[in-house]
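In what follows, a structure is listed as C-alpha cells, so that the remarks can point back to it.
The values are calculated or read from the model by the stated rules, or taken from the named source; none is laboratory data. From a predicted model like this one, the values you see are computed outputs, not experimental measurements. Cβ: placed from backbone, ideal geometry, glycine included. Neighbour counts: every protein chain shown. To get the accessible areas, we keep the full protein, side chains included, count just its heavy atoms, and leave off ligands, DNA and RNA. Shrake-Rupley method; radii C 1.70, N 1.55, O 1.52, S 1.80 Å.
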Amino acid sequence: FRTMELPCNKVSLWQQAGLNQQSPNTAIVNYYQCCRSDMYSDTLTQLLIQCMNEPCFDVLRTKKQLGYDVHCCTHLTNGIVGFSIAVVTQATKFSVNEASRCMQQFTQDFCGFLTDLSDDEFEDHVKALIDIIMESDTSLEQEVSRNWDEIMRQYYVFDRRHKQVAILQNIIQDDLVGWFKQHTRIGADLRLLRVQIVGCGQKEGDDMNQSEDSTDDGDVVVHISDIDKFKKSLGVHAVTMVTS
C-alpha cells in the first residue's frame, strides 16, 4: 500500500455533521503528516508524544475543559510517520471552531514548552520512553506478535527496540524542538489534515459550515467537499520500509 501526500504548507479540512442528529458529541482530529519514516524519525515522533501526553491532557482537558476524551498519539502509515491530537467535545458547550482554535493554540504553545524543558526534565522523558520500549514481553504470545509484525510488514528488524534506544541516547533537545517546528509551522513542512465530525447543539447554531479560511498563523485552509476529488489531486509517497 502507498500513502497519499498531503499538501505542503496548507491545512486540509474535512467537516461533516454527525450521523446521529440527536448527539451533541463533536470529534476533532488534527493529523500532522511528517515524512517518509526511518528509524530516527519514528523514534523522534515517539519521544515527541512522550513529552506531549501530559500537557495535552492538562491544557485541553483540565484547563480548557473541552472534553474528557483528549489524547495524542503517533502514526506509522505504510512507512509514513506522523502524529495526531484528538478531542471529543460537545456542541452544547463548544462550537467546533472554538475547540479547533484551542487545539491550534495548544500546538503553538507546546513549542515553548519543549524549549523550556530543563536538561533533567528532558532526560526524564527520554528515560521514561526507553523503559517503555524495553519493557519485557509478558507472554510468549506478545513476543511472537511483536516479531511476527516485523515479518508481516517486511521490515525484519528484530532488534528494533535496541536500535531505538541507541538513537534515544544520542538525541538532544534541540533536535526535538527543531523537528516539531518543521512539521507544525507554516513555511517549513506543515502537512495538516483536520477531520471534524460536528455534533448537534446550541453552540453550533445554523453556521456549522462557516469555518475559517485561514488559521491564526495565516495558514491557508483548503475545504474538502469531495473526498475522491481531493485524493486525486494529491501526490503519492513512494513505498517506504522502516528498516534503518
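List the number of the failed condition for C72; all other conditions in (1) surrounded by fewer than 19 Cβ atoms within 10 Å (Cβ to Cβ); (2) at pLDDT 95 or above; (3) touching a strand residue (DSSP E or B) at 6+ places or on another chain (Cβ under 8 Å) hold.
Of the numbered conditions (1) surrounded by fewer than 19 Cβ atoms within 10 Å (Cβ to Cβ); (2) at pLDDT 95 or above; (3) touching a strand residue (DSSP E or B) at 6+ places or on another chain (Cβ under 8 Å), the odd one out for C72 is (1).
All but one of (1) closer than 30 Å to V220 by Cβ; (2) modelled with pLDDT under 90 hold for R194; which doesn't?
(2)
Check off (1) modelled with pLDDT of 90 or more; (2) more than 15 Å from the chain's Cα centre (by Cα); (3) open to solvent by 60 Å² or more (accessible area, probe 1.4 Å); (4) over 22 Å from D119 (Cβ atoms) for Q182 and give me the number that stays unchecked.
(2)
Would you check if K64 is open to solvent by 50 Å² or more (accessible area, probe 1.4 Å) and over 18 Å from the mean Cα position of the chain (by Cα)?
For K64, the condition - open to solvent by 50 Å² or more (accessible area, probe 1.4 Å) and over 18 Å from the mean Cα position of the chain (by Cα) - is met.
Report the residue count in the stretch 60-87 for those that are closer than 16 Å to Y31 by Cα and in a loop (DSSP other than H, G, I, E, B).
2
Yes/no matrix, rows are residues, columns are (1) modelled with pLDDT under 90; (2) of a type in the set (S, T, Y); (3) more than 16 Å from the chain's Cα centre (by Cα):
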{"site": "Q21", "(1), (2), (3)": "yes, no, yes"}
{"site": "P24", "(1), (2), (3)": "no, no, yes"}
{"site": "Y31", "(1), (2), (3)": "no, yes, no"}
{"site": "S37", "(1), (2), (3)": "yes, yes, no"}
{"site": "F57", "(1), (2), (3)": "no, no, no"}
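Between G79, G18, which is buried (at least 18 other Cβ atoms within 10 Å of the Cβ) and over 27 Å from D119 (Cβ atoms)?
From the options G79, G18, the qualifying one is G79.
Might you let me know whether the stretch 27-45 holds any residue that is free of Cβ contacts under 8 Å to residues at least 60 places away in the same chain, surrounded by fewer than 18 Cβ atoms within 10 Å (Cβ to Cβ) and closer than 20 Å to R194 by Cα?
no
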